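Scroll down for the structure; my scribbles are underneath it.
The values are calculated or read from the model by the stated rules, or taken from the named source; none is laboratory data. The model shown is predicted, which means the values in this text are computed figures rather than measured ones. Backbone-built Cβ (ideal geometry, glycine too); neighbour counts: all protein chains shown. Ligands, DNA and RNA are stripped out before the accessible areas are found, and what is left, the full protein with its side chains, is counted by its heavy atoms. Shrake-Rupley method; radii C 1.70, N 1.55, O 1.52, S 1.80 Å.
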Amino acid sequence: MFKSFNFSEMEIIVGTVEELLLGYKLIHENGIYSLDLSFTNHSHIGSIKSVAVSETGVLASGSSDECVRLFHLQKRVELGSLFYHKGSINCLQFFQSSHLFSGSDDAKIGIWQTGSWERLKSLTGHKESVNCFSVHPTGKLGLSVSKDRTLFTWDLIHGRRGFVINLKQIADAVIWSPDGSLFVVVFANSVDIYSTETAKIVHQIATNMKISTAAFILPNILAVAGFGGFVKMFDLQSGNLKSELQTNTNRYNILNLIT
């Protein structure tokens, strides 16, 4: 999976509760990998809650200061700020290089045109904070989960809300599969797997440890990680555990796939 990837070009972006954005370059020398600080930025005046990077190298960061900051990673310049939300920015996601989506404690989802950075639309309907927003691979559909214990579907072509699913508890994240045929809803100790076609649960995964993050490895393989340093990989066609990795890490905050 990593044969064509140039690790020397990898840069890791970290957002901290101390209001700092940090960049680290991955260094490979004599068979040993290390991290070298590449930049620091203190534009925010609140703890950083979310970061996202576009295909063109634009970094967006969201904070409890109710602001989205924009940076060009290659040029190392600030591009400006987006002001709209009246609450912490809990989630950011780029769709390709054309749009940015932002979700906030104000229960709203902002849709922004990249380049001009014009706010094109606001998606409203949630009654409490938006915890996560996810865009379908086609860019035509969206999903959001909120502290109001609901999952909303969105028609992104027309900017309208679709159907609503009432959840058993507050969901921390919602994620489309790479091919868009499934989506998963992540809770504190479990994951529900839905069919996109039927919007029905096809499998449920339960763990005995708190989940903090999940990511698709393949269209039907989901990696789940969290407190206790575990990473578990599940086959979503059967719902069975495929493999498990235990590390000395106390907690995983985020998983992502490198292709």
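Worth a mention:
- Filtered by the rule that a residue be closer than 14 Å to Leu236 by Cα and either in contact with a strand residue (DSSP E or B) (Cβ under 7 Å, 6 or more places away or on another chain) or open to solvent by 30 Å² or more (accessible area, probe 1.4 Å) (or both), segment 138-185 gives Ile175, Trp176, Ser177, Pro178, Asp179, Ser181, Leu182, Phe183, Val184, Val185.
- Looking only at segment 12-28, and only at residues there that are closer than 15 Å to Val68 by Cα and open to solvent by less than 30 Å² (accessible area, probe 1.4 Å), the one that is modelled with the highest pLDDT: Leu21
- Test: Ile109 is of a type outside the set (S, T, N, Q), more than 19 Å from Ser212 (Cα to Cα) and at pLDDT 95 or above: yes
- Among the numbered conditions (1) among the charged types (D, E, K, R); (2) closer than 18 Å to Ile89 by Cα; (3) touching a Gly at 6+ places or on another chain (Cβ under 8 Å), the only one that Arg161 does not meet is (2).
- Criterion (of a type outside the set (Val, Ile, Thr) and assigned to a strand (DSSP E or B)) met by exactly one of Gly87, Gly103: Gly103
- Which listed residue is touching a residue at least 40 places away in the same chain (Cβ under 8 Å), open to solvent by 20 Å² or more (accessible area, probe 1.4 Å) and closer than 19 Å to Leu20 by Cα, from Val58, Val53: Val53
- Only residues that are open to solvent by 30 Å² or more (accessible area, probe 1.4 Å), in a loop (DSSP other than H, G, I, E, B) and more than 17 Å from Ser181 (Cα to Cα) were counted across segment 229-249, and they come to 3.
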